[in-house]
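Right, one structure below, let's go through it.
The values are calculated or read from the model by the stated rules, or taken from the named source; none is laboratory data. What you see is a predicted model, and the numbers here were worked out from it, not measured in a lab. For neighbour counting, all protein chains shown are included, and Cβ atoms are generated from backbone atoms with ideal geometry for every residue, glycine included.
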Amino acid sequence: MIVGFFSDIHANLDALVMVLDHLRSLEVDALYCGGDIVGYGASPNECLHIVRFAKGDKRVTRKSILEILSTTDLQEPERLVKFLAKTTTVTGKGNHDHVAITPGAEYLFNSFAARAILWTREEITPENVDYIVKLPMAIDADDDGRPVKHKKSKTVLFRLVHASPHEPERWHYLLNRREIERAFNALDVGFCFIGHSHQPVIFEQHEDGYVEVITEEEHVPSIFRRYIINMGSVGQSRDGNPKSCCATLEFTPGFRNLMIRLHRVSYDIPRAAERIIAAGLPEELGGRLLHGI
């Protein structure tokens, strides 16, 4: 089985479409989105519609998704729509999603991010606001890769949170050893997938508690160790590589043949930057896409 993970779309339609089509080409069996669907970018409603459609929201029609896809470089939109319609998709809530529907909370952001949130708040539809309100902070998945239906399940394979398993609602960044240790101390499952920092990396906790930082794009995990995997960002990379990033977890029944992969995906970055500028958002938000910063 292959489970696909993506996060931090940030209203970047061109990037989202290409990442989803890449995951389709890998024939993933389920999709998990780590949140931050909105913020920074110029296509919040379009990205929300695609994620809602993938989750099976009947209020979003196949026709409307095809119309959205027609504004991108995707070659075979029908194939992607069919994939999204049949694939289990689960989405968590990110801090930008939360702030976008919480008046006054934009004070938490820098000036560029705050301006984008104020613009987003005016743009997103009531239906999309309602969807964001109901997004969960954390999601567990069983050993079949499907969302856990019972909180007391003993076969949880992985957890999805936007920022950290330690106080998910406080959006901690795992950028120093203290926060990484807190995250592992709060983790009671083998794998946790996160986003938030926009920097793809694998944290591996050894049996003695030592945490190794792994930057390779492929890693074979040990069932005797625990992992926090930052899947990077779909819509606004910050590791110097402007390509989108997503992740996959591969396994067979019984937790065998495990493999973690980080994937880089190309998309039309100049077009995404042009959408930002055309919307009247800060030019700096478009410019940083070109350099992955």
> Just one of Thr88, Thr125, Thr61 is modelled with pLDDT under 95, surrounded by fewer than 20 Cβ atoms within 10 Å (Cβ to Cβ) and out of contact with any Phe, Trp or Tyr (no Cβ under 6 Å at 6 or more places or on another chain); which is it?
Replying inline: Thr88
> Which ones in region 1-18 are surrounded by fewer than 24 Cβ atoms within 10 Å (Cβ to Cβ) and in contact with a Ser or Thr (Cβ under 6 Å, 6 or more places away or on another chain)?
Replying inline: Ile2
> With respect to the numbered conditions (1) of a type in the set (S, T, N, Q); (2) more than 20 Å from the chain's Cα centre (by Cα); (3) not in a loop (DSSP other than H, G, I, E, B), which one is the sole condition not fulfilled by Thr248?
Replying inline: (2)
>> Suppose we filter Glu46, Glu27, Glu67 for residues that are of a type in the set (D, E, K, R), farther than 19 Å from Pro270 by Cβ and assigned to a helix (DSSP H, G or I); which single one remains?
In response: Glu67
>> Kindly evaluate Glu283 against the criterion of being over 20 Å from the mean Cα position of the chain (by Cα) and without any contact (Cβ under 8 Å) to a residue 12 or more places away in the chain.
In response: yes
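Residues are listed down the side, and each one gets a yes or a no for (1) closer than 24 Å to Phe112 by Cα; (2) out of contact with any strand residue (DSSP E or B) (no Cβ under 6 Å at 6 or more places or on another chain); (3) touching a residue at least 40 places away in the same chain (Cβ under 8 Å):
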{"site": "Ile2", "(1), (2), (3)": "no, no, yes"}
{"site": "Phe5", "(1), (2), (3)": "no, no, yes"}
{"site": "Leu13", "(1), (2), (3)": "yes, yes, yes"}
{"site": "Val17", "(1), (2), (3)": "no, yes, yes"}
{"site": "Leu20", "(1), (2), (3)": "no, yes, yes"}
{"site": "Ile37", "(1), (2), (3)": "yes, yes, yes"}
{"site": "Glu46", "(1), (2), (3)": "yes, yes, no"}
{"site": "Phe53", "(1), (2), (3)": "no, yes, no"}
> Out of region 147-187, which residues are surrounded by 15 or more Cβ atoms within 10 Å (Cβ to Cβ) and among the basic types (Lys, Arg)?
Replying inline: Arg159, Arg182
> Of everything in region 252-275 that's among the basic types (Lys, Arg) and in a helix (DSSP H, G or I), which residue is surrounded by the fewest Cβ atoms within 10 Å (Cβ to Cβ)?
Replying inline: Arg271
> With respect to Ala116, is the statement that it is crowded, with 19+ Cβ neighbours inside 10 Å and either within 21 Å of the chain's Cα centre (by Cα) or under 30 Å from Glu169 (Cβ atoms) (or both) true?
Replying inline: yes
> What number goes with the only condition from (1) in contact with a Lys or Arg (Cβ under 6 Å, 6 or more places away or on another chain); (2) of a type outside the set (Ser, Thr, Tyr); (3) without any contact (Cβ under 8 Å) to a residue 40 or more places away in the chain that Arg264 does not pass?
Replying inline: (3)
> Which condition number does Tyr107 fail, the rest of (1) in contact with a Phe, Trp or Tyr (Cβ under 8 Å, 6 or more places away or on another chain); (2) part of a helix (DSSP H, G or I); (3) not small (Gly, Ala, Ser) being met?
Replying inline: (1)
>> Looking only at region 192-221, how many residues end up being assigned to a loop (DSSP other than H, G, I, E, B) and loosely packed, with under 13 Cβ neighbours inside 10 Å?
In response: 8
> Could you say which residue among Arg238, Arg225, Arg264 is out of contact with any strand residue (DSSP E or B) (no Cβ under 9 Å at 6 or more places or on another chain) and modelled with pLDDT of 95 or more?
Replying inline: Arg238
>> Quick check on Arg146: is it of a type in the set (Lys, Arg) and under 16 Å from the mean Cα position of the chain (by Cα)?
In response: no
>> Can you say whether Val99 is buried (at least 17 other Cβ atoms within 10 Å of the Cβ) and touching a Pro at 6+ places or on another chain (Cβ under 8 Å), as far as the supplied structure shows?
In response: no
